[in-house]
1. May I ask you to say which residue of Ser164, Ser122 is within 17 Å of the chain's Cα centre (by Cα) and under 22 Å from Tyr255 (Cβ atoms)?
2. Test Leu97 against the criterion of being at pLDDT 95 or above, touching a Pro at 6+ places or on another chain (Cβ under 8 Å) and not assigned by TED's automatic domain parsing to the domain that holds Asn247, and give yes or no.
3. For residues in region 119-144 being of a type in the set (Phe, Trp, Tyr) and surrounded by fewer than 21 Cβ atoms within 10 Å (Cβ to Cβ), which is nearest to Thr283 (Cα to Cα)?
4. Scanning region 174-207 for residues that are outside any helix (DSSP H, G or I) and among the hydrophobic types (A, V, I, L, M, F, W, C), which turns out farthest from Pro235 (Cα to Cα)?
5. Given (1) without any contact (Cβ under 8 Å) to a residue 12 or more places away in the chain; (2) of a type outside the set (A, V, I, L, M, F, W, C); (3) crowded, with 23+ Cβ neighbours inside 10 Å, identify the lone condition not met by Thr106.
6. Looking at (1) in contact (Cβ under 8 Å) with a residue 12 or more places away in the chain; (2) out of contact with any strand residue (DSSP E or B) (no Cβ under 6 Å at 6 or more places or on another chain); (3) part of a helix (DSSP H, G or I), can you tell me which one Phe119 breaks?
7. Can you report the number of residues in region 158-189 which are touching a Phe, Trp or Tyr at 6+ places or on another chain (Cβ under 8 Å) and either of a type in the set (Val, Ile, Thr) or buried (at least 19 other Cβ atoms within 10 Å of the Cβ) (or both)?
8. If you go through region 48-71, how many residues are surrounded by 21 or more Cβ atoms within 10 Å (Cβ to Cβ) and either over 21 Å from His23 (Cβ atoms) or in contact with a Gly (Cβ under 7 Å, 6 or more places away or on another chain) (or both)?
Amino acid sequence: MGDPAGVGPEVLLKSYKKAREMHNLVAISDFDKFKSLAKRYDVPLRKINHIDEAKNFENHLNILNLNYPRDFSPGEFDVENASSVIESIRIGTELCLKNKVSAMVTGPINKSILRRKGFKFSGHTDYLENLCECEKDTAMMMMLNRYLKIIPLTIHEPLNQVSSKLKEQVIGKKITLIMSEIKKYFHKMPKIAVLGFNPHAGENGQIGNEEILEILPAIMKFRRNNNCVVDGPFPADGFFGSKEYKNYDVTLAMYHDQALVPLKLLAFSDTINFTLGLPIIRTSPGHGTGVDIAKDFKADCNSFYQAILFAGMMSSLIKPGRIPLV
């Protein structure tokens, strides 16, 4: 559901109505505080206290009850609900790890609000990595829509710190992980494009040397392997402007906006996030909390709906027959 002050509850309910005939969905929320919003969208709820109690999925949205201290007020963040938001993510992850559910679809959160209650992570990705006891920097945020799959090497880093994160070893590790994860889920060895960091991909060192010192050496190690295709570094503007991305299965970008701006221009409402590198299946919508529009109840649910469908598709390949959790 994400933060109850944002559009997460709204897009969840709208998506449930579209997806309930295809997937058995369970939501983690406060049953009593969720009822009035569910009534607005004519979604019957069923309260459960244990995941094994979930049933009648097409007729009711099963709510795995989790108490929230304050009422849900669309458009008004309440720091007192932050601990419950964090706990909902932990519960969902635990259920996935125990194979009680097949996948988890997370709603958007407000990191600054959560940090006021002790949240020490930059976002969902590294928190899930920690909960799953994965090696640090193993989890990857792959953003995708029908046009493009793209992974930012750095995620929530200030731009003035990105350059220091671009290390040959880090880039090489990320490419290796992309190969293994794409093969795991999509059953093929991907063709990978790697973007440069500087304008014109550094122009042979005239506009920065990150490409020469770190990015290209990482790429060259894979070019010696006949079983994979890793090309680059490409100047980002030309790569997208010429539609070169169509020739690759996955693109590795160097930072957040280099990845997400072209992706969302291509198809904003279709864009979702699929976390690679975890032992669980987790997706999310490609947008934030939308707290500025939450009071209007006019949010587009397509991204959340697509996240549910994609989670179901991935789980059918890995863990058929279980319940997706939202």
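1. Working: Ser164 fails: within 17 Å of the chain's Cα centre (by Cα).
Answer to the selection: Ser122.
2. Details: at pLDDT 95 or above: yes; touching a Pro at 6+ places or on another chain (Cβ under 8 Å): yes; not assigned by TED's automatic domain parsing to the domain that holds Asn247: yes.
When the stated conditions are applied, Leu97 passes them.
3. Applying the first criterion (of a type in the set (Phe, Trp, Tyr)) to region 119-144 yields 119, 121, 127.
Those still in the list that are surrounded by fewer than 21 Cβ atoms within 10 Å (Cβ to Cβ) too: 119, 121.
On the way: Phe119: 20, Phe121: 18 Å.
The residue in question is Phe121.
4. Residues of region 174-207 that are outside any helix (DSSP H, G or I), as a first pass: 187-198, 203-207.
Still in the running and among the hydrophobic types (A, V, I, L, M, F, W, C): 189, 192-195, 197, 207.
On the way: Met189: 24, Ile192: 15, Ala193: 11, Val194: 9, Leu195: 6, Phe197: 8, Ile207: 12 Å.
Among them, the one singled out is Met189.
5. Tallying (1) without any contact (Cβ under 8 Å) to a residue 12 or more places away in the chain; (2) of a type outside the set (A, V, I, L, M, F, W, C); (3) crowded, with 23+ Cβ neighbours inside 10 Å, Thr106 fails exactly one: (1).
6. Result: Phe119 passes all but (3).
7. Summing the residues that are touching a Phe, Trp or Tyr at 6+ places or on another chain (Cβ under 8 Å) and either of a type in the set (Val, Ile, Thr) or buried (at least 19 other Cβ atoms within 10 Å of the Cβ) (or both) in region 158-189 gives 3.
8. 1
The values are calculated or read from the model by the stated rules, or taken from the named source; none is laboratory data. None of these values were measured; they are calculated from a predicted model. Methodologically, a virtual Cβ is constructed for each residue, glycine included, from the backbone with ideal geometry; neighbour enumeration extends over all protein chains shown.
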